[in-house]
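Notes follow once the structure below has been shown.
The values are calculated or read from the model by the stated rules, or taken from the named source; none is laboratory data. Being a predicted model, the structure only gives us computed values, none of them experimental. A quick note on method: Cβ atoms are made from the backbone with ideal geometry, for glycine too, and the neighbour counts reach across all protein chains shown.
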Amino acid sequence: MVLRTVANKVGTFEVNGNSIFYLQPLSTFQTQEMDLIEKWYREKMHSLQGYEQAVPAKEISFQSGQVCYAYDVTSYKAFNTLKTMYLEDKLPYYLSLIELAKNKKVKVLWNTQNLLVDEENQLVKVLVVENKALAIETDTSVLNM
């Protein structure tokens, strides 16, 4: 069963078993060239080497007018898993979430589908990060009230 959810104004997440796909129309990227999109993504991920909280896409492809980032999430759990934990068990995850928010090198798509729980390392990890080709669209109007 495939579960689809809206990520932001332009993107969609699809969850299918141990894979998560982030899809966004090619027309919303800074370039229409797939080679450049892949190159800029790889450069961004290379710049984050050693940064444990970013999960790299295993594949980037073009499908029906959309760019598809495919992620293998076999060793991770959904962010909502934190709801089932006791407070003291959640603290390391909350601390890693704060570190993720404080990191100026990474602009994150703030959506629970984009956040994963790594129980082995007690971290919250992120899938979609901004790069030269992909600008993160987030609505902060609620925060500005």
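On inspection, residue 94 qualifies as touching a helix residue (DSSP H, G or I) at 6+ places or on another chain (Cβ under 9 Å) and modelled with pLDDT of 95 or more.
Filter the stretch 83-106 down to residues that are outside any helix (DSSP H, G or I) and surrounded by fewer than 17 Cβ atoms within 10 Å (Cβ to Cβ) and give me whichever is farthest from the chain's Cα centre (by Cα). Steps first, answer last, please.
Our first condition is that a residue be outside any helix (DSSP H, G or I); within the stretch 83-106, this holds for 85-86, 103-106.
Narrowing the set further to residues that are surrounded by fewer than 17 Cβ atoms within 10 Å (Cβ to Cβ) leaves 85-86, 103-105.
Numbers: 85: 22, 86: 25, 103: 15, 104: 16, 105: 14 Å.
Restricting to residues being outside any helix (DSSP H, G or I) and surrounded by fewer than 17 Cβ atoms within 10 Å (Cβ to Cβ), the top hit is 86.
Out of 17, 11, one residue alone is more than 15 Å from residue 134 (Cβ to Cβ) and small (Gly, Ala, Ser). It is 17. When each of 129, 124, 106 is tested for being touching a Leu at 6+ places or on another chain (Cβ under 6 Å), β-branched (Val, Ile, Thr) and closer than 22 Å to residue 8 by Cα, the lone residue that passes is 124.
Could you tell me whether residue 102 is among the basic types (Lys, Arg) and in contact with a strand residue (DSSP E or B) (Cβ under 9 Å, 6 or more places away or on another chain)? No: the conditions fail for residue 102. Cβ-Cβ contacts under 7 Å between residues 6 or more apart (or on different chains), taken from a first residue in the stretch 87-114 that is without any contact (Cβ under 8 Å) to a residue 40 or more places away in the chain to a second residue that is exposed (fewer than 13 other Cβ atoms within 10 Å of the Cβ) and part of a helix (DSSP H, G or I), are listed as 112/80. Counting only strands (runs of 3 or more DSSP E) wholly contained in the stretch 18-82, no element carries 2 or more residues that are more than 12 Å from the chain's Cα centre (by Cα), surrounded by 13 or more Cβ atoms within 10 Å (Cβ to Cβ) and of a type in the set (Lys, Arg). Residues in the stretch 54-77: is at least one more than 22 Å from residue 19 (Cβ to Cβ) and either free of Cβ contacts under 8 Å to residues at least 40 places away in the same chain or among the basic types (Lys, Arg) (or both)? No.
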